[in-house]
Amino acid sequence: MENYNHVFHDLETKIIELVENSKSLEELTEIKNKYLSKKGEFSQLMSKIREAQDKKAFGEAFNNSRKNIEEAYTNKFNKLNEEKLNAQLKAEEIDISLPGNNYFRGSENPFYKVKKEIEDIFISMGYTVETGPEVDLDKYVFELLNIPKDHPARDMQDTLYIDNNLLLRSHTSSIQAHVMEEAHGKPIKIICPGKTYRRDDDDMTHSHQFAQVEGLVIDKNITLGDLKGTLELFAKKMFSKDAKVRFRSSYFPFTEPSVEVDVSCFACHGKGCPTCKGTGWIEILGAGMVHPNVLKMSGYDPNVYSGFAFGVGIERVAMLRYGIDDIRRFYQSDIRFIEEFNKKVED
Ligand code: FA5
């Protein structure tokens, strides 16, 4: 049997060399098209079979040579394909060792936390929340609350006037006057949180701008006992079962009788210190039974209806609740103070 390997040897060697040296799949395809396609150089060698004496041996030599080339081609194809895939994977690699982005988490000012807590306590007792204007008419801030013009009680809550009749409200009791007017003699059970303004000298427990929550209940058979029970429950829920509460008789033109409610000082536990001005107590609340004149002015018959009202300073409650020593810290926007406070709450 004749040996025809020499017919294919040179081209086979050349093609295998080209295949092995090719750098990309595209280059490999070009080689395939040029040499191995039907009309390619290598395939054309088959036409020489016509001249071969031993056609079977020629065919076998052709097939062997083609097999060698195909083997080299497949190996290279797989290798290049793998390289391409690896390169792609590398390009898309996510480096999980990189540090993540740090986002700054804001903290809520303790003032707002306490405002919400106060609201929650009273809502759980069946109160609804009302608001009113910060700039209000003299009628609502004073007149309807039994503080006529020239009444000396106006001096206690001196404030900023826009004109003779319009002023920054000095207490949230003005909201109660609005609500009573609109209720047209119907029972009321509300709290009214909001900002208030006074010509007060700023110190550790006083600010010229602060916030109060007003409470008002009007119905038949409301007594001082209801007021006392409500405020005691509030103080115990807000502070602790151990918080001491003191009721002192007091005077407000819009309540009769009137009381001041003090809570024992958080800083000295009643011994006396600068925070409580040496008294051992911090005033948080003014309260009393709604004055018959106030009921009458807003259309309630004092012989049928009675009610109680109270006004609590939100910052004072927050100071007690979280042991904050100076009221001015609430307004200074010092992020270190707020963050410190948040840690304290979470611990
Ligand atoms: C009043 O403002 C009354 N309207 C409260 C009231 C309502 C009494 C209904 C009766 C019936 P007083 O001036 O005491 O009362 O203020 C109430 C509370 O607000 C005080 O107990 C205190 O907690 C807070 N407060 C008063 N002045 C300041 C101030 N300058 N800075 C911070 N908190 C204050």
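Just so it is clear, none of the values below were taken in a lab; they were calculated from the coordinates. Bear in mind the structure is a predicted one, so any value in this text is a computation, not a measurement. Every residue, glycine as well, gets a Cβ built from its backbone with ideal geometry; the counts of neighbours run over all protein chains shown.
Residues S65, S173, arranged from fewest to most other Cβ atoms within 10 angstrom of their Cβ, appear as S65, S173. Residue-wise HN-Hα couplings along segment 128-137, as the Karplus relation 6.51 cos²θ - 1.76 cosθ + 1.60 with θ = phi - 60° gives them from phi, are 10, 9, 10, 10, x, x, 7, 9, 9, 7 Hz; Gly and Pro carry x.
A simple charge model with +1 on the Cβ of Lys and Arg, -1 on the Cβ of Asp and Glu and nothing else charged puts the dipole of segment 5-91 at about 280 debye relative to its Cα centre.
Evaluated on the chain, the Kirkwood hydrodynamic radius is 27.0 Å, with distances taken between all distinct Cα atoms. The translational diffusion coefficient of segment 39-167, from Stokes-Einstein at 37 °C and 0.692 mPa s with a Kirkwood hydrodynamic radius over alpha carbon pairs, comes to 127 µm²/s.
For a quick check, take a GNM of the chain with Cα springs below 10 Å and name the residue from S264, S306, S240 with the largest mean-square fluctuation. The residue with the greatest mean-square fluctuation here is S240.
For the chain, what is the calculated [θ] at 222 nm in deg cm²/dmol (nearest 500), taking -39500 (n - 2.57) for each run of four or more DSSP H residues and dividing by its residue count?
Taken over the chain, the calculation gives -12500 deg cm²/dmol.
Counting only Cβ charges, +1 for Lys and Arg and -1 for Asp and Glu, the dipole size of the chain around its Cα centre is about 660 debye. Its relative contact order, with pairs defined as Cα atoms under 8 Å and 6+ residues apart, puts the chain at 14 percent.
Taking the chain as the reference, fit the longest principal axis to its C-alpha atoms, fit the long axis of helix 110-124 to the helix C-alpha atoms, and give the angle between the two in degrees, 0 to 90, nearest 10. Compared with the principal axis, the helix lies near 70 degrees.
Max-minus-min Cα coordinates of segment 2-89 on each principal axis give 54, 20, 16 Å, with the largest extent listed first. When the Cα positions of V19, S65, Q53 are compared along the charge dipole of segment 5-91, Q53 comes out farthest toward the positive end, with charges on each C-beta of Lys, Arg, Asp and Glu.
Provide the three semi-axes, in whole Å and in decreasing order, of the ellipsoid equivalent to segment 141-186 as defined by the square roots of 5 times the Cα gyration tensor eigenvalues. Please report the intermediate quantities before stating the final value.
Values: eigenvalues 85, 28, 17 Å².
Semi-axes from the Cα gyration tensor: 21, 12, 9 Å.
Between K84 and S107, the FRET efficiency from the beta-carbon distance, with R0 = 30 Å, is close to 0.05.
Please give the helix 5-21 orientation as an angle from the longest Cα principal axis of the chain, in degrees from 0 to 90, rounded to the nearest 10. Roughly 20 degrees between the two axes. Could you please tell me the mean projected area of the C-alpha convex hull for segment 292-331, averaged over all directions and given in square nanometres to one decimal? With every direction weighted equally, the projected area is 4.4 nm².
Placing unit charges on each Cβ (+1 for Lys and Arg, -1 for Asp and Glu) gives the chain a dipole about its Cα centre, and among G106, H178, L145 the Cα reaching farthest toward its positive end belongs to G106. So what is log10(I(q)/I(0)) for segment 117-243 at q = 0.12 1/Å, when the Debye sum runs over its Cα atoms only? Those come out to -0.52, one per q. Compute the helix-to-body angle for 224-238: its Cα long axis versus the longest principal axis of the chain, expressed 0 to 90° and rounded to tens. Helix 224-238 and the main axis of the chain meet at about 30 degrees.
Spin-label model, E117 to Y322: label points 7 Å out along the Cα-to-beta-carbon direction sit 0.9 nm apart.
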